[in-house]
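Q: So that we are looking at the same thing, I have put the structure below in structure tokens.
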Amino acid sequence: MRRHLGLGVGVACLVLALAPVGVGFLWLPYDPVLPGPVRFAPPSLEHPMGTDWFGRDLLARVMVGGRASLAVALLAVALGGAAGTLLGGVAGYAGGFVEEVAMRISDALLAFPAVLAALLLGAVWGPGLPGVATALALFNVPFFARLTRAGFASLKRREFVIAARASGAGPGRLIFRHIVPNLASPLLVQATVSLGAALLAEASLSYLRLGVQPPFPAWGRMLREAQDSVPLSPWPAVFPGAILALTVLGLNLIGDGVRDLLDPTLRQSRRASTDVRSRT
Amino acid sequence: MLVHLLRRVGTAAFTLVLVSFLVFLAIHIVPGDPARVLVGPDAAAAEYAAARERLGLDTPWPIRFVRWLGGLARGDWGESLRYSRPARELVARGLTVTVPLAGLALALALAVALPLGLAAASSPGRWIDLATVGLVQVGTALPEFWLAILLVRLFAEGMGLLPAGGFPGWEAQAAWMHLVLPSIALALPRAAYLARMVRAAVADVLREDYVRTARAKGLAAWRVVGIHGLRNALLPVVTGAGLTFARLLAGAMVVENVFGLPGLGRLAVVAVEARDLPLAAALATVVAGAIVLVSLAVDLSYVVLDPRMRHP
């Protein structure tokens with residue numbers, strides 16, 4: 001039972017954090033953009049999270065603010081994960097010179113934290129979502145590339161792959177029928193953890209006014225707007241950050257829980273080496 | 001051994017060239033015309049052509065890349081469009097804030113993570129271990145800049161204990177006080193990550209046969225954990241500190257903007273707002289280059305920390 005505690009708590013955190021965003025597509029308590037009558041109302045039954053500087057309902061803004069953050073993070077992890085898996089797969093399967101070049105590209109990408117890459121692309125393209133999404137995707141490439149390369153390198157020497165090759169399977173069949181399915185679960189775990197990191201980076205960037213542009217709310221930019229009014233009312237600065245942290249916490253717990261579930265040898269604290277790779 | 005070291009240094013040098021190529025790629029080849037950005041959309045054709053020539057855009061890109069790389073090596077990093085000063089000078093001044101900030105944060109993070117991780121690993125399953133596991137999960141999920149905003153409320157505006165923002169320059173008295181709150185905000189998530197590394201690494205070591213021998217011969221518990229445990233767990237901990245360095249720098253660049261500190265992060269935001277490509281390129285090259293060099297330093301430190309690496 002205790003084994004699955006982390007996983008259960010993670011799912012609970014994620015549901016608690018994302019339910020408002022999901023409900024927001026069907027119903028919103030107030031208009032998230034139009035100013036309201038009462039400024040800086042504390043949390044109450046009418047306004048569960050209070051109101052901001054313009055009297056806008058914070059719950060409504062948090063419900064809408066998650067959309068862009070989640071969409072950008074999902075897109076970035078999907079694109080970066082696909083590209084990284086491909087790069088690592090080619091490297092691990094080919095070996096030799098190709099592997100060396102591919103892994104140096106991955107190393108070079110690892111030197112660009114998401115925030116740095118987004119600031120560079122923001123200077124070239126101007127602030128906005130395309131730069132942020134590209135930067136986050138590029139940032140994810142090396143994590144998936146390293147994981148896939150290591151998997152390919154060890155799996156291609158395993159008996160069942162050699163047996164398949166001996167019985168005449170071509171490279172396509174070897175890769176997609178025998179190697180990739182065995183990497184699916186570590187890649188899924190990495191994607192979960194990467195999604196949390198992407199959400200944090202996206203929020204930092206939208207805090208720096210690089211992501212979603214006004215008047216649409218985003219968790220990071222809501223914190224920027226709340227910062228100056230913190231002495232008047234802390235709530236606009238508390239709730240968007242808390243929901244963001246709860247989402248990331250849920251994703252991380254699920255990632256760890258699923259990994260323990262799938263690979264009992266990693267259970268307990270024998271995790272030093274895998275931890276190093278999946279998170280920084 | 002020497003061959004191994006040289007190979008590692010060579011790899012890092014190649015990665016550095018690739019890093020500068022990626023920066024070059026971002027500002028020169030990716031759609032978006034730097035000459036157009038420089039002269040503005042309504043500039044005359046002649047002015048635009050002059051800007052293209054001045055930026056060297058009329059030569060083929062491999063030649064431009066070699067020139068750019070040569071410029072970097074000579075210390076000619078271009079001139080900031082926004083400040084009309086050499087980008088190198090601006091970045092160097094930014095580093096005098098960002099480096100102490102990141103250093104202070106890393107020291108704080110290690111000061112929290114080492115005792116916490118050791119305590120957790122030496123009593124597995126007890127309350128201190130469970131509390132650490134919980135704190136680690138919560139800590140790694142917290143956005144640094146959110147912590148920063150809340151800390152300002154708590155310690156600067158609430159209690160008036162510490163300066164809430166700005167930086168008076170290093171000449172001013174107690175200038176480092178301005179770095180305390182930002183570095184706490186930065187350090188907390190890193191401390192959580194490192195505590196997890198320490199706990200896992202020490203717990204691994206404590207299961208080794210030589211630790212059981214040390215215990216069996218009656219060595220005090222603190223010596224077993226402190227000397228056998230910590231000493232042998234140092235390698236993964238150094239690896240973790242190196243890997244988290246990138247996140248630390250990126251976090252510092254964001255947190256500087258919460259506190260109005262004149263470091264690299266503030267420069268980067270100015271570079272985006274002013275579309276200042278030379279400044280952005282210089283910043284990106286320095287930060288990414290520092291990350292490559294730190295990862296090299298971590299790998300080289302294994303030779304010092306692990307005698308087995310010296311006699312393979």
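Every read-out reported here was derived from the displayed coordinates using simple, explicitly stated rules and does not represent laboratory data. On a predicted model such as this, the values are computed, not experimentally measured, just so you know. With ideal geometry, Cβ positions are generated from the backbone for all residues, glycine too; neighbour counts draw on all protein chains shown.
Q: Taking 7 Å along the Cα-to-C-beta vector as the label spot, tell me the A:R157-A:W53 distance in nanometres, rounded to one decimal.
A: It is 6.0 nm.
Q: Which of rounded, prolate, oblate describes the protein assembly as shown, given a ≥ b ≥ c as roots of the alpha-carbon gyration tensor eigenvalues and a/c under 1.5 marking rounded, otherwise prolate only if a/b is larger than b/c? If you can, show how the numbers build up before the last one.
A: Numbers: a/c = 1.38, a/b = 1.11, b/c = 1.25.
The shape class here is rounded.
Q: Quick check: the distance between the Cα centres of the stretch A:9-43 and the stretch A:131-199, to the nearest angstrom?
A: Taking the Cα centre of each part, the stretch A:9-43 and the stretch A:131-199 sit 37 Å apart.
Q: What is the fewest-to-most order of A:W219, B:W176, A:W125, B:W127 by other Cβ atoms lying within 10 Å of their Cβ?
A: On the way: A:W219 31, B:W176 14, A:W125 19, B:W127 8.
Starting with the residue having the fewest Cβ neighbours, the order is B:W127, B:W176, A:W125, A:W219.
Q: Top mean-square fluctuation among A:V132, A:V33, A:V98, Gaussian network model of chain A, C-alpha springs under 10 Å?
A: Top of the fluctuation ranking is A:V98.
Q: Next question. What distance in nm separates the simple spin-label points at B:L219 and B:T96, each placed 7 Å from Cα in the Cβ direction?
A: 4.8
Q: Taking amide H positions as placed 1.01 Å from N in the peptide plane, with prolines and chain starts having none, which residues 5 or more places from B:E79, or on another chain, fall under 5 Å of its amide H?
A: For B:E79, whose amide H was placed from the backbone, the distant partners under 5 Å are B:A87.
Q: Rounded to the nearest 0.05, what FRET efficiency do A:S229 and A:L45 give with R0 = 30 Å and r taken as the Cβ-Cβ distance? Could you check? The partial results should precede the final answer.
A: Numbers: r = 23 Å, r/R0 = 0.76.
For R0 = 30 Å, the calculated efficiency reads 0.85.
Q: Give me the dipole magnitude in Debye, nearest 20, for the stretch A:101-162 about the Cα centre, with unit charges on the beta carbon: positive for Lys and Arg, negative for Asp and Glu. Display every interim value, and only then the final one.
A: Values: 6 positive and 2 negative charges, 62 e Å.
Charge dipole of the stretch A:101-162: 300 debye, to the nearest 20.
Q: Looking at chain B as a GNM with Cα springs under 10 Å, which of B:R190, B:R266, B:R207 has the largest mean-square fluctuation?
A: Largest GNM mean-square fluctuation: B:R207.
Q: What dipole magnitude, in Debye to the nearest 20, does the protein assembly as shown give about its Cα centre under +1 on Lys/Arg Cβ and -1 on Asp/Glu Cβ?
A: With only Lys, Arg, Asp and Glu charged at Cβ, the dipole is about 2020 debye.
Q: For chain B, what does the relative contact order come out to in percent, with C-alpha contacts under 8 Å and a separation of six or more?
A: Numbers: 336 pairs, mean separation 81.8, N = 312.
Once divided by the residue count of chain B, the mean separation gives 26 percent.
Q: Which of B:A46, B:A26, B:A105 moves the most in a Gaussian network model of chain B with Cα springs under 10 Å?
A: B:A46
Q: OK, next. Quick one: B:E79, B:E171, B:E47, fewest Cβ neighbours within 10 Å first, how do they rank?
A: The most exposed by this proxy come first: B:E171, B:E47, B:E79.
Q: Would you list A:E99, B:E256 from fewest to most Cβ contacts within 10 Å? Kindly include the intermediate steps, with their values, before the conclusion.
A: Working: A:E99 18, B:E256 28.
Least crowded to most crowded, the residues run A:E99, B:E256.
Q: Can you pull out the trypsin sites (Lys or Arg not before Pro) in the stretch A:116-218 that DSSP calls coil and that have at most 13 other Cβ atoms within 10 Å? Kindly include the intermediate steps, with their values, before the conclusion.
A: Details: sites: A:R146, A:R149, A:K156, A:R157, A:R158, A:R165, A:R173, A:R177, A:R209; in loops: A:K156, A:R157, A:R158, A:R209.
Within the stretch A:116-218, the qualifying trypsin sites (Lys or Arg not before Pro) (loop, at most 13 other Cβ atoms within 10 Å) are A:R157, A:R158.
Q: Something else now. Would you mind calculating the relative contact order of chain A from Cα pairs under 8 angstrom and at least 6 residues apart, reporting the percent as a whole number?
A: 27
Q: For the stretch B:91-310, give the magnitude of the charge dipole about the Cα centre (Cβ charges: +1 Lys/Arg, -1 Asp/Glu; no others), in debye to the nearest 20.
A: Values: 17 positive and 12 negative charges, 160 e Å.
So the dipole magnitude of the stretch B:91-310 works out to roughly 780 debye.
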